[in-house]
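Below is one structure; the comments refer to it alone.
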Amino acid sequence: MEIKNPILPGFYPDPSACAVNGKFYLVNSSFCYFPGVPIFESTDLKHWHQIGNVLDRASQLPLGHDGMSRGIFAPTIRYHEGTFYMITTNVSYGGNFVVTATDPAGPWSEPHYLAGADGIDPSLFFDDDGKCYYIGTRPNPEGVGHNGDWYIYIQEVDLENWCLVGDYKMVWNGAMRKAEWPEGPHLYKKDGYYYILHAEGGTGPAHAVCVARSKELWGPYENNLMNPVFTHRHLGKDYPIRYVGHADLIEDTEGNWYAVMLASRPCEWHTNMGRETFLAKVTWEDGWPVFNAGIGILEDTVTVPLTETEGDELITSGKDADGIPFTMVKLRNPVEGMAKGEGDGYRLKTLPYTLSEKEPAAYLGLRQTSYYFTAKTTVDFVPAQDGETAGLALLQSEDAFLTIEYGKFDGKTLVRIVESARGTGVQVKKTEEVAVDKITFIITQKGQKATLSYNAGEGEKVLLSDVSTKILSTESAGGFVGCTIGMYTTSNGKESGNTAFFSGIDYKVQE
């Protein structure tokens, strides 16, 4: 069977996976989007179905008023004796915690915060004797001597009292001399060896997968002289897949091994979709993992010895109690009832918050999955006061977004384009006076140029073309997130009882 990479296109970073009874389960980072930690199920590594979001309640996911690249970092999913465990870091509140479930579709438990578990990127490992161990990262205890001078450490976990027990031990600080950011560690045991698989070099151009091993859990760990065992750092900035790293290993029922990992697909040297989930085959030679043997880089198409199962390729999704598909995202901790499914569309409350604030703005979005797409929505909306507006947004963060919207400003009803770029702030790029109660918005992106159009009942009209979308890239805007495309309404700081009804997002990839 052939599988196309990426297996999860769009903003699905920091993948972790486990295999249970012939099925594969995969989770991703979600940062300050809500709900948090999307979870997917597959029987063949090709057809992925989003069965829910691990963190779907505000009590599990306090995000506060933080920037988009805060919140949830690097989850790990593991299974042991009938229970699924997801461990992650909420850098906005509480630190490292574990949630559990007997059904990966949920419900998942309330967070069990682990006192003393410093740092980020935690993972769990269950040894043959049933003991559970925490592996994570923290700053060099002797002092941080250079950027990313961190250590990987191990400590036993008490899963009944939800705490770390005994002493921790620093076991590894990277494969390279003065390695930057040894992070995302996972611990495995195979054929008498303990393996630490980790990332280093930072999550940008120098990102890489490295591995070390030991006969004893606490080390000392032996460096693989082949490190980094997988990377694209040597392929140059023109190579179409970059930033490869943060891998996790899985084994199928036939003893075949694979790795899921993140990578990015820039366009014109700018990355708008953030970090995506890719698949590689893994074999073992002389007691070490080898990634895509004979090839050494990610493949566009991976041939695997699995039987293809029925189902839509890539992502399909269920819905939550409000009728919102699992694949759709909101900002931070959304106001109760902010968005609800209604008929064939969605009704959003017109809230005071704007996209440029670190607030739970009224926004409901999908991940961008290509540089060539058309996104369309029709909105029924009558602005009741100055400042009320509703439209379609292409969003990277509170510092970088592009919207086409209809609202009331200085007593006039206008269609307008608003742009925010890091360093220049929010700017109104173009306006036209229109008076309607239903309007369709269209965003078409080709490469790094966007055309923003509308239809007020008299045919499609281009409001602005050749808008650079490089301002929405990681390279320009910073951060760890990719772009989403969303329905959006705001009263721009004023109290409002208004709502906007959207037809949903008709998103079509043009490649």
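The values are calculated or read from the model by the stated rules, or taken from the named source; none is laboratory data. Just so it is clear, the model here is predicted, and its values are computed rather than measured. Glycine also receives a Cβ, built like all others from the backbone with ideal geometry; neighbour counts cover every protein chain displayed. Surface areas here come from the heavy atoms of the whole protein model, side chains and all, with no ligands, DNA or RNA. Shrake-Rupley method; radii C 1.70, N 1.55, O 1.52, S 1.80 Å.
In summary, S109 fulfils each of the numbered conditions (1) touching a Leu at 6+ places or on another chain (Cβ under 7 Å); (2) among the small types (G, A, S); (3) at pLDDT 95 or above with the single exception of condition (1). Within the stretch 191-211, residues that are closer than 29 Å to D127 by Cβ reach partners that are among the β-branched types (V, I, T) and assigned to a loop (DSSP other than H, G, I, E, B) with beta carbons closer than 7 Å, at six or more positions or on different chains, in the pairs V209/V229; C210/V229; V211/V229.
Annotation note: of F40, F11, F24, the sole residue that is surrounded by fewer than 23 Cβ atoms within 10 Å (Cβ to Cβ), under 30 Å from P266 (Cα atoms), of a type in the set (F, W, Y) and touching a residue at least 40 places away in the same chain (Cβ under 8 Å) is F24.
The set of residues from the stretch 163-195 being exposed (fewer than 15 other Cβ atoms within 10 Å of the Cβ) and in a loop (DSSP other than H, G, I, E, B) comprises R177, K178, D191, G192.
When every residue of the stretch 377-386 is checked against the conditions, none turns out to be open to solvent by 30 Å² or more (accessible area, probe 1.4 Å), closer than 19 Å to I443 by Cα, at pLDDT 95 or above and not in a strand (DSSP E or B).
The set of residues in the stretch 469-500 being open to solvent by 10 Å² or more (accessible area, probe 1.4 Å) and not in a helix (DSSP H, G or I) consists of G478, G479, F480, Y488, N492, G493, K494, E495, S496, G497, N498, T499.
Table: residues versus (1) under 28 Å from D399 (Cα atoms); (2) in contact with a Cys (Cβ under 8 Å, 6 or more places away or on another chain).
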residue	(1), (2)
E299	no, no
D322	no, no
R332	yes, yes
Y353	yes, no
R367	yes, yes
Y371	yes, yes
V379	yes, no
P383	yes, no
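Restricting the stretch 311-350 to residues that are farther than 15 Å from G486 by Cα and in a strand (DSSP E or B) leaves a set whose member that is modelled with the highest pLDDT is E342.
Evaluated against (1) within 30 Å of C483 (Cα to Cα); (2) outside any strand (DSSP E or B); (3) open to solvent by 30 Å² or more (accessible area, probe 1.4 Å), K281 falls short on exactly one condition, (2). Within the stretch 425-453, residues that are within 18 Å of V509 (Cβ to Cβ) reach partners that are open to solvent by 80 Å² or more (accessible area, probe 1.4 Å) and aromatic (F, W, Y) with beta carbons closer than 9 Å, at six or more positions or on different chains, in the pairs T444/Y372; Q445/Y372; K446/Y372; G447/Y372.
Of all residues in the stretch 122-156, those being open to solvent by less than 10 Å² (accessible area, probe 1.4 Å) and not polar (S, T, N, Q) number 10. The set of residues in the stretch 219-254 being part of a loop (DSSP other than H, G, I, E, B), open to solvent by less than 90 Å² (accessible area, probe 1.4 Å) and either closer than 24 Å to I77 by Cα or touching a residue at least 40 places away in the same chain (Cβ under 8 Å) (or both) consists of G219, Y221, N224, N227, P228, V229, H232, L235, I241, D252. Which ones in the stretch 97-129 are in contact (Cβ under 8 Å) with a residue 12 or more places away in the chain, more than 23 Å from P15 (Cβ to Cβ) and in a loop (DSSP other than H, G, I, E, B)? Hits for the stretch 97-129 are E110, A115, G116, D118, D127, D128.
Of all residues in the stretch 82-96, those being assigned to a strand (DSSP E or B) and in contact with a Phe, Trp or Tyr (Cβ under 6 Å, 6 or more places away or on another chain) number 1. If you go through the stretch 434-468 and keep only what is farther than 23 Å from F501 by Cβ and part of a strand (DSSP E or B), you end up with T444, Q445, K446, K449, A450, T451, V462, L464, S465, D466, V467, S468.
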